[in-house]
Every structure is written in C-alpha cells, then in structure tokens.
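The values are calculated or read from the model by the stated rules, or taken from the named source; none is laboratory data. Here the structure is a predicted model, which means the values were calculated and not measured. Using ideal geometry, Cβ is built from the backbone for each residue, glycine included, and neighbour counts are taken over all protein chains shown. Side chains included, ligands, DNA and RNA excluded: accessible areas come from the protein's heavy atoms. Shrake-Rupley method; radii C 1.70, N 1.55, O 1.52, S 1.80 Å.
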Amino acid sequence: MHHHPYRADIDGLRAVAVLAVVAFHAGWVGGGFVGVDVFFVISGYLISRMIFLDWSAPGFVGRFYAGRIRRIFPALIVVLSACIGLGQFVLLPTELKGLGKQIFGGATFLSNFVLAREADYFDVAADLKPLLHLWSLGIEEQFYLIWPAFIIFAMRRRWSVGHVILVLALSSLALNVAFIQSRPVFTFYWPLTRLWELLAGAAVARFELAAKVRNPTAASIVGALLILAAVCTFHRSMEYPGWLAIVPVVGTALLIASGGAATVNRLLLSRQPLVFIGLISYPLLPSTGFFSHASRSCSLG
C-alpha cells in the first residue's frame, strides 16, 4: 500500500465546484453548472490515482468498494430520509410522487437515467426537482463500478494505460459532440458522453506518476482563469456539454496537475473556509436543492 498525501487544495477545488452550482441555481451566475464538470475531473483523478498506486496490493478491490460505501451511504441515507420526511409536509401530492422516483434513482445511483426520461437539466421542470443534483453522483458511481476492474485488467495485460485512457476519452468526447444538437438531454445525462471528463482526471493521475508540470504557477493561473471564465460567461441557453465543456475540464485538470504548492492552489484553494465547504460538498448539493424547492412550493402554496 502506498501513502496518499492529503491535498487540501483539492477539497478547496471541490468547494469552488459546489459553490458554483449553488450560485447557478440561486440565479447569481449563468455558468455555475460547470461545477459538475469540475467534480467529474476531481473524481476521475482521485480514484484513478488510488488504482494506479495500489491495484496490486492484496485485497485492494474489497477495500476500494468498502471505502466508497463508507463515504457515500451515511450521508446519502440521511439526505434521502430527510427528503422523505419533509416532503410529507411541504410538497403537493403530484410533487411527492415525483420525489419518490427521484429517491429511487438516488438510492440506486440511477438518477441520471431517471432524469433523462423526464426533463432537461436547464428546464424549469428540472430546476424544481428536489434531488436533481444526485444525477452526477449516479454517473460517478457507475464509473466507479466499472473503471477499477477495467484498469486492473489492462495493467495486468501490460497495456499502455495512457493510450487506453486517451482512446476512451477521445471516443467519449466524440460521442458528446456528435449528439449535443440532436439529443441534448441524452448527451447531458448519459455516462458514455460524460466519461471523457472523468478520464481527464485519470489522465492527470497517470501523467503525474511519470512527470511533473514544468511551470506549476502558470498552470494553476491558467486553470483558474478557465474555470472562472466558464462560470461567468456560460449560460443555460448554450449547447452543453459539447465542445464548451472542454474549458472547465481543462481548467480543472491544470489546477490539479499544478500541485498543492502552486500559486492559486496554495494561496486560495487551500484556505480553511474553502476546504471545509469542500469536505461537506457531497451532502450539501442535494440538501440545497431540496430546501430551495421546498421554499418555492411553500411560497406558491
């Protein structure tokens, strides 16, 4: 087993992602939805780095999934239980029925498939779904279910993992671009059209084991500016993800690759308030979505 040094800046980057999404749903910034893309890159990086370093250790697969259960299930159970309890008092009967579908999707990590059949993420109907934010968790868990076994298989066969990641990422990006106009909802929620974002993080993990970024300060600044530009200039009427998602994905990859000592990472992302928000980011998003919906329902009632 290898030692995995803690990087506070990555939790700070998580905070940036969750705050961007919350700000988008509050109507404060038009492009805050790109926080989801930031989350995907972070997740792909952290999980892939763990696999690359520890895949050959005895019992790795069992420990990996046990760790996922310990991290995900306690908060998920609390959030879903709270939504069931509060929903009895603040939701209309038709809304309560819809909540039941969302809870099923959240509990089975199939929220993205459930939502893809109902409404576009940017539609008003989707904006009023209490557990809308669990769709991204569904994609992540679907990735976690398949990726460890696949990458371990590839490494045991001595395949070039870097080339495997590149081919899969480019194929996923091509699907994303190909379907963004004809099937935008499919493209937004489907794991195959989002896979390249997680694999961008995997590519960073693979790269850092072989080399270091030559100019981490420049990489961190450029990365931060790309994310900031996406948050401030993107809006819900754009075709997304499509080509545009490359902006926040590359920005996130640059920030992670630059390392914890890089300028932006050290001076901004490692600050304790951001780190704290990043540590609670997972339960924060769905609960924020629920209370936002509940407050709207009460005001309408």
Q. Exactly one of (1) open to solvent by less than 20 Å² (accessible area, probe 1.4 Å); (2) under 28 Å from GLY62 (Cα atoms); (3) of a type in the set (S, T, N, Q) is unmet by SER160. Its number?
A. (1)
(Q) List the residue pairs whose Cβ atoms are under 8 Å apart, where the first residue sits in the stretch 132-143 and is at negative phi, the second is among the charged types (D, E, K, R) and part of a helix (DSSP H, G or I), and the two are 6 or more positions apart or on different chains. (A) ILE139/ARG194; GLU141/ARG68
Q. Among (1) over 15 Å from the mean Cα position of the chain (by Cα); (2) under 25 Å from ILE47 (Cβ atoms); (3) of a type in the set (Gly, Ala, Ser); (4) part of a helix (DSSP H, G or I), which single condition is ALA253 missing?
A. (1)
**Q.** Of all residues making up the stretch 214-249, the number that are touching a helix residue (DSSP H, G or I) at 6+ places or on another chain (Cβ under 6 Å), over 14 Å from LEU269 (Cβ atoms), β-branched (Val, Ile, Thr) and open to solvent by 40 Å² or more (accessible area, probe 1.4 Å)
**A.** 2
Q) Which of (1) of a type outside the set (S, T, N, Q); (2) farther than 23 Å from ARG49 by Cα; (3) open to solvent by 30 Å² or more (accessible area, probe 1.4 Å) is the odd one out, the single condition LEU166 does not satisfy? A) (2)
Q: Of the numbered conditions (1) at pLDDT below 85; (2) under 30 Å from LEU267 (Cβ atoms); (3) open to solvent by 70 Å² or more (accessible area, probe 1.4 Å); (4) not polar (S, T, N, Q), TYR6 fails exactly one; give the number of that condition.
A: (1)
Q) Across the stretch 187-209, which residue is farthest from PRO241 (Cα to Cα) among those that are open to solvent by 60 Å² or more (accessible area, probe 1.4 Å) and touching a residue at least 40 places away in the same chain (Cβ under 8 Å)? A) LEU209
**Q.** Single residue of ALA169, ALA149, ALA154, ALA174 found to be over 21 Å from the mean Cα position of the chain (by Cα), aliphatic (A, V, I, L, M) and in a helix (DSSP H, G or I)
**A.** ALA154
**Q.** Some residue of the stretch 47-69 being open to solvent by less than 20 Å² (accessible area, probe 1.4 Å) and within 13 Å of the chain's Cα centre (by Cα)
**A.** yes
Q: Residue by residue through the stretch 77-88, note down the ones that are in contact (Cβ under 8 Å) with a residue 60 or more places away in the chain and either closer than 15 Å to ILE280 by Cα or open to solvent by 20 Å² or more (accessible area, probe 1.4 Å) (or both).
A: VAL78, VAL79, ALA82, LEU86
Q: Scan the stretch 13-49 for residues that are outside any helix (DSSP H, G or I), modelled with pLDDT of 90 or more and of a type outside the set (Val, Ile, Thr) and jot them down.
A: TRP28, GLY30, GLY31
Q. What is the number of the single condition among (1) touching a Gly at 6+ places or on another chain (Cβ under 8 Å); (2) buried (at least 19 other Cβ atoms within 10 Å of the Cβ); (3) of a type in the set (Asp, Glu) that GLU140 does not meet?
A. (1)
